[in-house]
Amino acid sequence: MQEYMTQEQTIKFKEMLLDLQQQLREELPQLTAQLATNENAPDPTDRASMEEERIKLLTTRERSIAKLCDINIALEKLEAGEYGYCEDTGDEIGLQRLMANPMARLCVEAQERRENMGRQYAS
């Protein structure tokens, strides 16, 4: 039986996660600084444009914070030897999926199931 994830692969994923973490930690203060600038435009159109830009920045910052949380969870799982396994089924998430999204917590099937359930309840 072949081992799911080799030591080298585990190290590679840890490096990927730490790089992403560092990137986000560098971006967050910049986003926060951009949000802190209060400009008042007398023109309603300019104010609307500025508000739209502010909403985009807030959304980006929220997503970055959520990603940081997901990265921390993935790093904890790596340390515990639980990284790469689906939280719902316990099955392997798959190396390709982890390469595309190293913070993935669900296998494709479980993710699809959750998305389908979300669509059903949203209707």
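Descriptive notes on the structure:
- Each residue in the stretch 41-58 was checked for being among the acidic types (Asp, Glu) and part of a loop (DSSP other than H, G, I, E, B), and 1 pass.
- When the criteria are applied in full, ASP19 meets the requirement of being loosely packed, with under 13 Cβ neighbours inside 10 Å, modelled with pLDDT of 95 or more and over 17 Å from ARG105 (Cβ atoms).
- Top-ranked residue in the stretch 75-98 [being in contact (Cβ under 8 Å) with a residue 24 or more places away in the chain and touching a helix residue (DSSP H, G or I) at 6+ places or on another chain (Cβ under 9 Å); ranked as farthest from GLU8 (Cα to Cα)]: ASP88
- When the stretch 99-113 is filtered for residues that are farther than 13 Å from PHE13 by Cβ and in contact (Cβ under 8 Å) with a residue 24 or more places away in the chain, the ones remaining, listed by number, are ARG105, ALA110, ARG113.
- Yes/no for LEU75 being closer than 26 Å to MET5 by Cα and not charged (D, E, K, R): yes
- Filter result for the condition that a residue is basic (Lys, Arg), surrounded by 11 or more Cβ atoms within 10 Å (Cβ to Cβ) and either at positive phi or not in a helix (DSSP H, G or I) (or both), over ARG97, ARG113, ARG105: ARG105
The values are calculated or read from the model by the stated rules, or taken from the named source; none is laboratory data. Small disclaimer: the values here were computed from a predicted structure and weren't measured. Ideal geometry is used to build each Cβ from the backbone, glycine not excepted, and the neighbour counts take in all protein chains shown.
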